1. Tell me which of these Asp323 doesn't satisfy, since it passes every other one: (1) modelled with pLDDT of 95 or more; (2) not in a loop (DSSP other than H, G, I, E, B).
2. Every residue in segment 369-394 that is among the β-branched types (Val, Ile, Thr) and modelled with pLDDT of 90 or more, please.
3. Can you tell me which of Gly397, Gly427 is modelled with pLDDT under 95, surrounded by fewer than 23 Cβ atoms within 10 Å (Cβ to Cβ) and either of a type in the set (Lys, Arg) or in the same structural domain as Glu216 (by TED's automatic domain parsing) (or both)?
4. What single numbered condition from (1) outside any strand (DSSP E or B); (2) within 32 Å of the chain's Cα centre (by Cα); (3) exposed (fewer than 15 other Cβ atoms within 10 Å of the Cβ) fails to hold for Arg32?
5. If you check Arg287, Arg291, Arg246, which single one turns out to be out of contact with any strand residue (DSSP E or B) (no Cβ under 9 Å at 6 or more places or on another chain), buried (at least 16 other Cβ atoms within 10 Å of the Cβ) and basic (Lys, Arg)?
6. Val177 - would you say it is in the same structural domain as Glu278 (by TED's automatic domain parsing) and either under 20 Å from the mean Cα position of the chain (by Cα) or among the aromatic types (Phe, Trp, Tyr) (or both)?
7. Restricting to segment 458-470, give me the number of residues that are at pLDDT 95 or above, in contact with a helix residue (DSSP H, G or I) (Cβ under 7 Å, 6 or more places away or on another chain) and not in a loop (DSSP other than H, G, I, E, B).
8. Only residues that are touching an Asp or Glu at 6+ places or on another chain (Cβ under 9 Å) and closer than 21 Å to Ile250 by Cβ: list them for segment 207-219, please.
Amino acid sequence: MTTARAENERRRAKTDRLRARGLDPFPSFTLRDRNLVAELVERHDPVEMRAGVYFEYRYRLSGRVIARRKADEIVLLDLRDRSGTIRLSVNADDDSARATVADADIGDIVSVVGHVYVTARDQLCLEVESGSLLAKALQLPLTKGLNPNGRRRELELMASPECRRLFAARAAALSAVRDWMARHDFVEVETPILQRLAGGALARPFLTHHNALDCEVSLRLSTELYLRRCSIGDMERVYELGKCFRNEGISRRHSPEFTMLEWYMAYSDYRDIATAAEQLVTQVANRVLGRLRVTYKGNVIDLEPPWRRLTFGEAIKERTGLDVFAASESELSAALSESPASGSSWADVVLKIYGSRVEPYLIQPTIVYDCPLDVHPCMKRHADRSQLVESFDVVLGGVEISSGGTALTDPDEQWQRFEAQRGGLNGTDPHPSDQELVAALQYGAPPAAGAGMGIDRLLMVLLDSDSIRDVTLFPMA
């Protein structure tokens, strides 16, 4: 029998003995005057207090036992709650008020009442007067050898303070986003997750069947088209922070389920919304880290605004020496490490050059303006170069974390763009969600700019994580 199996059987036997004595190993919790470990620590400085027992200071604590040892008749337990950890001292006699706690195993959840006790080594403890078991751990919690893939995240959270801090930081980031939006008069909206046909991105959706309506529906790819319709409806500043889904490949930067922030600003253009993205990132960094200098993959990144700004063409020329607007097809092909696929457009080739030879080397925060039109069918055409749009990308640490641009408001041109995009894929008409947007545009749309920001990618950079899986609480794979 393995050591782990023997330990688990011992815990099962102990649980059976508790039940035989009429004690519930998983009782209802009815206490309402629970203290936190941090309260005790903040109120009592063991260095200033003399060693001894302080009966006048009594506390009720609840939490998980994370360490145990026995010294003569005294059982020493380390109790952890959300605020910190403290040592419990339990007299292991036959007093039923203490016996259950004294017999607790690592992983058990207990509640205790006791008084402050300071050891001769100036350690602050709680000497237990009474206590009870709240939940029996039937298996020994794993603390080593965990595969950090998120599939047993509850065990990682239990074993690693750093893991718990990371997801507390994620929560702080989401709160910082909402605070910035509220201060700038944005309204948070909720758009459909189940859509008859998903739009807003060229990606393969997850499909399912709606039984009541007897129709196929898909999980949303993006919130963009619905936010645009909100903008058309004179909601001048709107945003949504939520999950999007794409039934495509998985990599360290891509997940089928991801958290996306998308927002629209009426009476603004792509330069205005790029500045908004800059402000958002700096606010999130300040809230999560308390500073604007971060380290990602060994590189120190300074997020202090203003960030560097340059155009798509300038970025490629600076890195490769190639003027993509004047270069021949052979020169463009030569700039790639492999030959472009048959039928590749100019936009396809220059985007591959940018993605392989430019973006990974933009370590300091950079805003890249004026990207090719082909990949942004809902953005306004650039006034000086018809093959470009008024767009921006934000790159940090070689990772694109935000993009957006000036919204196209001409319904006829928008229809033509959708026809070209969909026709290039399968020769079909634009699908219904696109038609709804074009119909809405015919009522008149204010000039506006929209943007999206990948929250998971942003957190990867801020928290120096190697994979999107590391910043996702329960990743699928």
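1. (2)
2. Listed by number, the residues that qualify are Val389, Val394.
3. After applying the criteria, what remains is Gly427.
4. Checking Arg32 against (1) outside any strand (DSSP E or B); (2) within 32 Å of the chain's Cα centre (by Cα); (3) exposed (fewer than 15 other Cβ atoms within 10 Å of the Cβ), the one that fails is (2).
5. The match here is Arg287.
6. yes
7. Number satisfying all stated conditions: 4.
8. Hits for segment 207-219 are Leu207, Thr208, Leu219.
The values are calculated or read from the model by the stated rules, or taken from the named source; none is laboratory data. In this text the structure is predicted, and so the values were computed from the model without any measurement. Using ideal geometry, Cβ is built from the backbone for each residue, glycine included, and neighbour counts are taken over all protein chains shown.
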